[in-house]
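Student: Sharing a structure below in structure tokens format, with a few things to ask.
Each reported figure results from applying straightforward, stated rules to the coordinates on display, with no laboratory input. Just so it is clear, the model here is predicted, and its values are computed rather than measured. Ideal geometry is used to build each Cβ from the backbone, glycine not excepted, and the neighbour counts take in all protein chains shown.
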Amino acid sequence: MSDTPLSLLNRVFGYPAFRGEQAAIVDTLVAGDDALVLMPTGGGKSLCFQIPALLREGCAVVVSPLIALMQDQVAALQELGIAAAFLNSSLDGAAAMQVERDFVSGQLKLLYVAPERLLTPRFQSLLEQAHVALFAIDEAHCVSQWGHDFRPEYLGLSALHERFPEVPRIALTATADTATRAEILTRLDLGAARVFVASFDRPNIRYRISEKTEPRRQLLDFLREHAGEAGIVYCSTRKKVEETADALKQAGFTALPYHGGMDNDTRRRHQEKFLREDGVVMVATLAFGMGIDKPDVRFVAHLDLPRSVEGYYQETGRAGRDGEPAEAWMAWGLQDVVTQRRFIDEGEAEDSHKRIGHAKLDALVGLCEAASCRRVALLSYFGEASQACGNCDVCLNPPTLWDGTEAAQKLLSAVYRTGQRFGAGHVIDVLLGKATEKIDRFGHNQLSVFGIGASQTDKVWRAVLRQLVVRGLLEVDHTAYGALKLTVAAKPVLKGEETVMLRAIEARAARSKKTRLAVDHNDEDPLFLSLRAWRRETANEKGVPAYVILHDATLREIAARRPATLAELGEISGLGTKKLEAYGEAVLAVVAEG
Ligand code: ADP
Ligand code: ZN
């Protein structure tokens, strides 16, 4: 009986059905045609070349820039009983030679290689001798010089097509924008490829964005909702990474720091721990994340504002690759915006680049201030239309709007009357009518605006101020110690020609009101916990990450269905023949005990 894509999916991978365009992509390659695949993280890109690799004659050559990732992917394939190997600098000479021999003699179905090795004369001659089923070029956006992941070796990959015109190629990336897409097609000479663009929506990720008030406490509140789960907390500086990791450890979390200032060894150790153990919280700068394909990251938290919507999307996208409910949480404040604007302006870049930097930041701040669905705003940034999602903080807890015209006028006047020379703190003190030394010194208690805002709290004024800055009625001059200045857009408001609707600040009670995640995980289920303990032991014995053995989603389904026989167990998604053979009895024993 000959295999079909679907029968392989069922038998080898243990999944009941293809997702989205997977089936069409597989068909394209099996038929010998080229494909460009744009799919979000967690979309299921790997199967798009793994299944054709099994169906076509010969060995698939997978180009991947990330060594750590290769190792885990190959381990996962071997677990499924697939002849897979990698060639990279981590192998010693003898081991590498063995892999090369297996490749040429047709023992392998998938071979992962780093691009620099692929282009060596030695490997090129191996390619001539071996039978290549297809070329898969992962992280294809690395060919783009405008992106931040540019890899010069990727430019050499177009040579593959010249030398092996009959071998189909598939390029894959999770980077969305159209400029990069066009660059991939030309640079990799993929003009004739079929292009598959999946939706960039990640419906299982819940987006939550709050104002930064007491960041540490807010973070702890959030993390307590995710006790025992793995996640990433992003901070903008190394110092903050260290401090936050310490604070989390004190609060009882298994937290580890990760940033570019740490030595390689410690960094590697922390990364391994995060990948291999359950429930580790990684506190990191952006140095962490590229190529982390741990499927069960349950949350990504931002303690500082990322630089752009693209950055936010990429970083939050590391949560929930397994399709299970996950959260993207962020606390941001005006200070984040001010700091970033200063970075942009003080940078070396040309003016045109600075303008782009500001525009990107504006777009992100727009997302943070959105008074309607975050997902709609996020996807529309990538040119995708969608409906209110019901799974973001705005949909779940619509903000109340109030007519802030009068408040805006008061604040704008206070800025104007004090001479547009002072920062937020002083202007708000004037509004509140405080008796500070500075107010005394400048005689600001004599102004008509002194104390006109005393009926509101400091917190309310900060929220008003932030929104006026974000909307461009006020700007923060960081060349003058953060002095606030009016812009032309402030005029119609001051003249009473325009009303200003503002978001009310979140009441404390509303914030702590927990909304359950879409699926009740019920992680307290003792059987699920026993299964996880069994998996941890098994993974440790084999020296592979836990998810290589079985995914959380699979364990959960087992816990819920409590199968009693191998046949019943086999019906559960994520258990192919090989895994059933290897772990079936052990899993049934855990179920029988639990
Ligand atoms: P990507 O490389 O696009 O980020 P992966 O290929 O790592 O995504 O797949 C993400 C997760 O989804 C993996 O855990 C994978 O096993 C799972 N997956 C992929 N395709 C399917 C499918 N058709 N059915 C069930 N699970 C799938
Ligand atoms: Zn929504």
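Student: Kindly provide the chymotrypsin sites (Phe, Trp or Tyr not before Pro) of the range 132-206 that DSSP labels as loop, not H, G, I, E or B, and whose Cβ sees at most 16 other Cβ atoms within 10 Å.
Tutor: W146, F150
Student: In terms of Cα to Cα distance under 18 Å, which lysines are near enough to K578, apart from those fewer than 8 places away along the same chain?
Tutor: By straight Cα distance, K578 reaches K109, K542.
Student: Which ³J(HN,Hα) values, rounded to whole Hz and listed in residue order, are derived for the range 359-370 from phi using the Karplus coefficients 6.51, -1.76 and 1.60 in 6.51 cos²θ - 1.76 cosθ + 1.60 with θ = phi - 60°, glycine and proline given as x?
Tutor: 5, 5, 5, 4, 4, 5, 5, x, 5, 5, 8, 3
Student: Residues with beta-carbon under 12 Å from that of C392, excluding C392: net charge, scoring Lys, Arg +1 and Asp, Glu -1?
Tutor: Its environment carries a net charge of +2.
Student: Restricting the count to DSSP beta bridges whose residues both fall in the chain, what percent are antiparallel, rounded to a multiple of 5?
Tutor: Of the beta bridges lying entirely in the chain, close to 15 percent run antiparallel.
Student: If the cut-off is a Cα-Cα distance under 26 Å, which lysines reach K438, setting aside same-chain residues fewer than 8 apart in sequence?
Tutor: K410, K459, K485
Student: So what's the net charge close to F222: Lys and Arg +1, Asp and Glu -1, counting the other residues with Cβ under 9 Å from its Cβ?
Tutor: -1
Student: Would you calculate, for the chain, the mean residue ellipticity at 222 nm contributed by helices, counting each DSSP H stretch of 4 or more residues as -39,500 (n - 2.57) and dividing by all residues, to the nearest 500?
Tutor: -13000 deg cm²/dmol
Student: Using only the alpha carbons, work out the radius of gyration and Dmax of the range 5-197 in angstrom.
Tutor: According to the Cα coordinates of the range 5-197, Rg and Dmax are 15.5, 44 Å.
Student: Which whole-number percentage describes the relative contact order of the chain, with Cα contacts under 8 Å and a sequence gap of 6 or more? Each step should come with its number before you reach the end.
Tutor: Numbers: 966 pairs, mean separation 80.4, N = 594.
So the answer I get is 14 percent.
Student: Give a residue-ordered list of calculated ³J(HN,Hα) values for the range 430-444 (Karplus: 6.51 cos²θ - 1.76 cosθ + 1.60, θ = phi - 60°; whole Hz; x for Gly, Pro).
Tutor: 5, 4, 7, x, 7, 9, 9, 4, 5, 5, 4, 4, 8, x, 6
Student: According to the square roots a ≥ b ≥ c of the eigenvalues of the Cα gyration tensor, what is the shape class of the range 349-466, taking rounded for a/c under 1.5, prolate for a/b larger than b/c otherwise, and oblate for the remainder?
Tutor: Verdict is oblate for the range 349-466.
Student: A further question follows. Kindly identify the chain as rounded, prolate or oblate by the Cα gyration tensor criterion: order the square roots of the eigenvalues as a ≥ b ≥ c, call it rounded if a/c is under 1.5, otherwise compare a/b with b/c, prolate if a/b is larger, else oblate.
Tutor: prolate
Student: Next question, about the same structure. Once you sort the root eigenvalues of the Cα gyration tensor of the range 205-396 as a ≥ b ≥ c, which label holds: rounded (a/c under 1.5), prolate (a/b larger than b/c) or oblate (the other case)?
Tutor: Here the range 205-396 falls in the oblate category.
Student: Under 5 Å between amide H atoms, partner at least 5 residues away or on a different chain: which partners does E327 have, H built in plane at 1.01 Å?
Tutor: When sequence neighbours closer than 5 places are left aside, the close amide H contacts are R206, F299, V300.
Student: Just want to confirm a number: the relative contact order over the range 22-64, from Cα pairs under 8 angstrom separated by 6+ residues, in percent.
Tutor: Once normalised by length, the contact order is 42 percent.
Student: Are there GluC sites (Glu not before Pro) in the range 293-375 that DSSP marks as loop and that have at most 16 other Cβ atoms within 10 Å, and which are they?
Tutor: Sites meeting the loop and neighbour criteria: E348, E350.
Student: Quick one: net charge of G576's neighbours, Cβ under 11 Å, K/R +1, D/E -1?
Tutor: +1
Student: For the chain, which span is the longest to avoid every loop-located (per DSSP) member of trypsin sites (Lys or Arg not before Pro) having at most 15 other Cβ atoms inside 10 Å?
Tutor: Segment 20-420 is the longest.
Student: Then there's this: Karplus couplings for the range 92-97 from phi (6.51 cos²θ - 1.76 cosθ + 1.60, θ = phi - 60°), rounded to Hz, Gly and Pro as x?
Tutor: For the range 92-97, the Karplus curve yields 7, x, 5, 5, 5, 4 Hz.
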